[in-house]
Amino acid sequence: MNNRDYERIVQEWREKPLSSAADIDVALDNFRVLFAYNSNRIENTDTTYHDTREIFDKGSVSGYTGELRTLFEIQNQKYCYDFLREKIVNREEITPVLICELHKILMSGCYDESRWEKGERPGKYKIYDYVTGDGVGSAPEDVADDMKSLCGEIANIPEEKALTAAAYLHLKFESIHPFADGNGRVGRTLMNYFLMTHGLPPTVLYEEDKKLYYMALAIYDKSEEISGFEEFIREQTIKTWSRAPKPVKTLSVFM
């Protein structure tokens, strides 16, 4: 792990002008497409980079013949980015209301029939339990309190502790699993939003490295250990912002 590379990337990020939505567009020009593509593809392998790029650049896809849900998922990523631009500039805090707004945007048109018939809705906490990893997350009746508590825990975090807090935010959010679907997409977006509002560069969690990602989630569920995931974020950040990114080759960061 090359901490100097990570610190260099952090310094370069902090030297970027980030005082307006237009600045954010410049800083995240390629990143936002890579993030949307990889975040969606972790959950849905029908996602393509070409379709993602077209939607971000043109607002539509020509000759699309795939599942409509996949198209909605990509479009929603763009809507979510547009929604967050000014909030990143203003460094607005993460609240349960913001989280539910993100979920509503990211999952609009994407709930399957079985969840819809149960009364589950984008932007609303889950009504029923859903299996995730080794468990089901927080009980539905506990979700609101758990989310309020999590938002309180990450409030007023100094920049020098922001990376650790971002890792904790993502892992804890996924362990709560507050929604019937779309928790991974929302969790990855929240993590990057937190990083950027605390002076750190966002990161792509690459689909090709999702086994390591899932391992980190499983380890946290069993031991509440976050240091390995924090290291993983550093590696993925270097991979994201380096001109010639190198794939993660080992599982050692979680050992």
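Tabulated values for the structure
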read-out	value
When residues of segment 112-123 are limited to those that are free of Cβ contacts under 8 Å to residues at least 40 places away in the same chain and among the charged types (D, E, K, R), the one farthest from Arg69 (Cα to Cα)	Glu117
Extreme residue, farthest from Thr48 (Cα to Cα), among residues of segment 17-34 that are over 19 Å from the mean Cα position of the chain (by Cα) and surrounded by 13 or more Cβ atoms within 10 Å (Cβ to Cβ)	Leu18
Helices (runs of 4 or more DSSP H) completely within segment 165-249 that count 3 or more residues being modelled with pLDDT under 95, more than 14 Å from the chain's Cα centre (by Cα) and of a type in the set (Gly, Ala, Ser)	210-223
Some residue of segment 49-59 being more than 22 Å from the chain's Cα centre (by Cα) and either assigned to a helix (DSSP H, G or I) or more than 27 Å from Tyr214 (Cβ to Cβ) (or both)	yes
Members of segment 124-164 found to be part of a loop (DSSP other than H, G, I, E, B) and either under 19 Å from Tyr193 (Cα atoms) or hydroxyl-bearing (Ser, Thr, Tyr) (or both), listed by number	Tyr125, Tyr128, Tyr130, Ser138, Ile154, Ala155, Asn156, Ile157, Pro158
Inter-residue pairs, beta-carbon under 8 Å, first of a type in the set (Asp, Glu) and in segment 148-160, second part of a helix (DSSP H, G or I), 6+ apart	Glu153/Tyr168; Glu153/Lys172
Residue among Gly184, Gly152 that is of a type in the set (Gly, Ala, Ser) and either touching a Phe, Trp or Tyr at 6+ places or on another chain (Cβ under 8 Å) or crowded, with 20+ Cβ neighbours inside 10 Å (or both)	Gly184
Output for segment 113-133, where each listed residue is over 21 Å from the mean Cα position of the chain (by Cα) and on the phi < 0 side of the Ramachandran plot	Glu113, Ser114, Arg115, Trp116, Glu117, Lys118, Glu120, Ile127, Tyr128, Asp129
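The values are calculated or read from the model by the stated rules, or taken from the named source; none is laboratory data. Quantities reported herein were computed from a predicted structural model and do not represent experimental measurements. Cβ sites come from the backbone with ideal geometry, for glycine too, and all protein chains shown count toward neighbours.
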